[in-house]
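Take a look at the structure below.
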Amino acid sequence: MILFKRPDDLVDFIQKKRKSLIKIGFVPTMGALHQGHISLIEKSKSENDITICSIFINPTQFNNPSDFEKYPVSIETDIEQLELNGCDILLMPSVTDIYPENFQKSNFELGYLETILEGKHRTGHFQGVCMVVNRLLEIVNCDILYLGQKDYQQCMVIKKMVLDLKIPVKIEIMPTLREANGLAMSSRNQRLNETEKANALSIYEVLKFLKANIFEISLTALKEACFLKLATKGFKVDYIEITDELLNPIDTTQRNQTIVAMVAATIGEVRLIDNMIINNANNSE
Ligand code: AMP
């Protein structure tokens, strides 16, 4: 694996490679890698000639300074894992590489996506996400961008940015990888103690409960039961929302409609998000 710290060096390298016909896959991350990240690398490797991963803890997407300061870092094991899994290139830029002094901040038109769910609870978060992804795409000039469904709203935001700015990249969204007990893999899980980790799996239980009962119980009663379940496990719940595929909240359910359950809740000091497609329009009987 080749490690690039300076984006300009990677730009030169890619320009040279682009002289022959190659396909480049890209997996942007904030490091503290786990099997979820690796599944994206594996998918990229299976579909491209070159797979690039970036590790960059992007300050502009953190609305909470303590979340930024406490974000887990494990560069050495990250590099080992990437090498072990055959990643070709790792980009590890500094903040000033990504945002040099002359960096022109732009405002991304995200519409309602910015005011609901994560957008509502983390002001400015998605502007920061777009800022960094736009910049990284400029550097890596990839054919396919791999994202995780774990960050469902982020996938929608990035899709919109790519479409609006006519960035010539295909986006592939990969399923959420979970621990054996169902807890969605996340770098932030490292900050949970054993009791919190055990309780955190109730997020998955709540999602499964929603899936099992979506056509059986009223949405209000369902959501109330889920709030209660998470609260008894020590969670402070930001939201439990039932939405359509585009994340618009719904108040009636139809079997021929894709329905998504979205959850964000904090346990101890750690805020976790998860989601599940609880009815798939394409698979409805
Ligand atoms: P992060 O390092 O958390 O910014 O994540 C980098 C990429 O990995 C994003 O596209 C995430 O959606 C994806 N990702 C994070 N957790 C998982 C997971 N458990 N399964 C699959 N993809 C994930």
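Treating the angle as unsigned and between 0 and 90°, give the value, to the nearest 10°, between the Cα long axis of helix 152-164 and the longest Cα principal axis of the chain.
That helix lies at roughly 50 degrees to the long axis.
Is there a pair in 170/233; 70/150; 150/223; 16/166 whose C-alpha atoms are over 30 Å apart, and which pairs would that be? Each step should come with its number before you reach the end.
Numbers: 170/233 40 Å; 70/150 21 Å; 150/223 20 Å; 16/166 24 Å.
Where the Cα-Cα span goes over 30 Å, the pairs concerned are 170/233.
Which of the peptides 178-189, 126-137 is most tightly packed, and how do the rest follow, judged by the mean count of other Cβ atoms within 10 Å per residue?
On the way: 178-189: 17.3, 126-137: 21.0.
Order by mean packing, descending: 126-137, 178-189.
Expressed in nm to one decimal, what extension gain is obtained for the pair residue 252 and residue 106 from 0.36 nm per residue of sequence separation less their Cα-Cα distance?
Numbers: separation 146, 0.36 × 146 = 52.56 nm, distance 3.79 nm.
Contour length minus the Cα-Cα distance gives 48.8 nm.
Across region 4-51, what fraction of all alpha-carbon pairs, as a whole percent, falls in each successive 5 Å bin from zero upward?
Binned Cα distances yield the sequence 5, 19, 22, 22, 20, 9, 2.
With angles folded into 0 to 90 degrees, how steeply does helix 35-47 sit against the dominant principal axis of the chain? Use alpha carbons for both and round to 10.
That works out to roughly 50 degrees.
Take the chain, connect every pair of alpha-carbon atoms lying under 10 Å apart with a spring to form a Gaussian network, then pick out the residue of 15, 35, 149 with the largest mean-square fluctuation.
15
To make sure I understand the rule: partners must be lysines, Cα under 16 Å from the Cα of residue 229, and not fewer than 8 residues away in the same chain. Which ones qualify?
Residue 229 reaches 197, 208, 211.
Just in region 38-101: which GluC sites (Glu not before Pro) are loop by DSSP and have at most 16 other Cβ atoms within 10 Å? Provide the component values of the computation, followed by the final result.
On the way: sites: 42, 47, 69, 76, 80, 83, 101; in loops: 101.
Of the GluC sites (Glu not before Pro), the ones in loops of region 38-101 whose Cβ has at most 16 other Cβ atoms within 10 Å are 101.
For the chain, build the convex hull from the C-alpha positions and give me its volume per residue in Å³. Could you put the intermediate results ahead of the total?
Numbers: hull volume 39.9 nm³, N = 285.
In the chain, the Cα convex hull volume per residue is 140 Å³.
Sticking to Cα atoms, compute the Rg of region 1-159 to one decimal and its Dmax as the biggest Cα-Cα distance, whole number, in Å.
Looking at region 1-159, its Cα Rg and Dmax stand at 15.5, 45 Å.
No lab work stands behind these numbers, since they all come straight from the coordinates. None of the values given here were measured: they were computed from a predicted structure. Please note: Cβ atoms are built from the backbone with ideal geometry, for glycine as well, and neighbour counts cover all protein chains shown.
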